[in-house]
Amino acid sequence: MKRIRKIKPMRDEEKRLRYLSIEECPILVSACEHHLQPIVITALNTGMRRGEIFGLKWTNVDLKNGFILLNKTKNGERREIPINNTQKRVLQRLTRRLDIPHVFFNQDTGKPYQDIKRAFAAAKKRVETLKCPDCDYRKPRLKTEDEAGTCPKCEAKLAVFKGIEDFHFHDLRHTFASHCIMAGVDITTLSKLLGHKSLKIDPQICTPRTVPPGKGNRRPG
């Protein structure tokens with residue numbers, strides 16, 4: 001065994017892809033703490049990277065014309081991201097201070113957020129998924145909601161699965177991309193929105209019908 005070289009994965013090998021369904025998006029947002037909600041909504045509606053969201057300043061936001069202008073991106077190119085109605089309402093409700101340039105900042109320290117892993121993990125734990133053992137029906141819910149009940153399709157008793165598993169903050173970007181493709185956005189436009197230099201997009205995003213039920217089928221609002 002020592003003489004066997006480590007096998008390298010092939011370039012065309014299937015990569016991991018995880019994204020939320022349209023039903024899961026508002027449930028996750030509802031499970032977030034007050035300071036985390038606008039950050040998650042921004043990721044879902046813009047496809048911005050975590051570092052881009054944390055570093056976002058009000059000078060980059062053009063609410064009048066409905067654009068977020070990013071001058072410093074991962075690939076070094078300027079990027080313009082349209083602001084939809086949901087994102088606009090979130091930005092308009094945020095507290096804005098003249099002495100703090102950042103859009104998202106800690107109210108106690110006045111400094112931009114650097115790490116939200118604990119808050120995001122706690123939000124995922126608050127979400128439960130109801131699954132039918134006899135058919136493909138599933139529904140996300142908060143732990144504070146009513147009892148599981150029965151399946152509306154076959155009337156079987158629903159099983160409760162706690163938390164959102166195998167999901168990271170970067171997967172909110174996957175959610176945005178997948179829902180854009182399913183809404184009819186072309187690859188060229190999506191590449192520009194995501195800040196990709198090439199037109200290479202994960203093939204799994206382009207073929208959402210291959211994704212198991214509950215992993216996304218519509219664009220976030």
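When residues of region 1-46 are filtered for being modelled with pLDDT of 95 or more and part of a loop (DSSP other than H, G, I, E, B), how many remain?
5
Say we look at region 31-50 and pick out the residues that are under 17 Å from T175 (Cα atoms) and among the small types (G, A, S); which of these is farthest from the chain's Cα centre (by Cα)?
G47
Which condition number in (1) modelled with pLDDT of 90 or more; (2) assigned to a loop (DSSP other than H, G, I, E, B); (3) surrounded by fewer than 17 Cβ atoms within 10 Å (Cβ to Cβ); (4) outside the structural domain of Y137 (by TED's automatic domain parsing) is the one that T189 fails?
(2)
Pick out the one residue from I181, I187 that is free of Cβ contacts under 8 Å to residues at least 40 places away in the same chain, of a type in the set (A, V, I, L, M, F, W, C) and out of contact with any helix residue (DSSP H, G or I) (no Cβ under 6 Å at 6 or more places or on another chain).
I187
Any chance region 165-178 includes a residue that's of a type in the set (S, T, N, Q) and out of contact with any Gly (no Cβ under 7 Å at 6 or more places or on another chain)?
Checked against the condition, which is being of a type in the set (S, T, N, Q) and out of contact with any Gly (no Cβ under 7 Å at 6 or more places or on another chain), region 165-178 yields no hits at all.
All but one of (1) modelled with pLDDT under 90; (2) in a loop (DSSP other than H, G, I, E, B) hold for Q204, so report the exception by its number.
With respect to (1) modelled with pLDDT under 90; (2) in a loop (DSSP other than H, G, I, E, B), Q204 is out only on (2).
If we only count strands (runs of 3 or more DSSP E) wholly inside region 82-184, which ones have 1 or more residues that are among the acidic types (D, E), surrounded by 14 or more Cβ atoms within 10 Å (Cβ to Cβ) and touching a strand residue (DSSP E or B) at 6+ places or on another chain (Cβ under 7 Å)?
127-131
Return only the number of the condition from (1) more than 14 Å from I39 (Cβ to Cβ); (2) in contact (Cβ under 8 Å) with a residue 12 or more places away in the chain that N106 does not satisfy.
(1)
Which residue out of I164, I116 is touching a Lys or Arg at 6+ places or on another chain (Cβ under 9 Å) and closer than 28 Å to P101 by Cα?
I116
Does K139 satisfy the criteria of being modelled with pLDDT under 90 and farther than 23 Å from H35 by Cβ?
yes
The values are calculated or read from the model by the stated rules, or taken from the named source; none is laboratory data. Predicted model only: the values in this text are computed from it and were never measured. We place every Cβ from the backbone using ideal geometry, glycine too, and count neighbours over all the protein chains shown.
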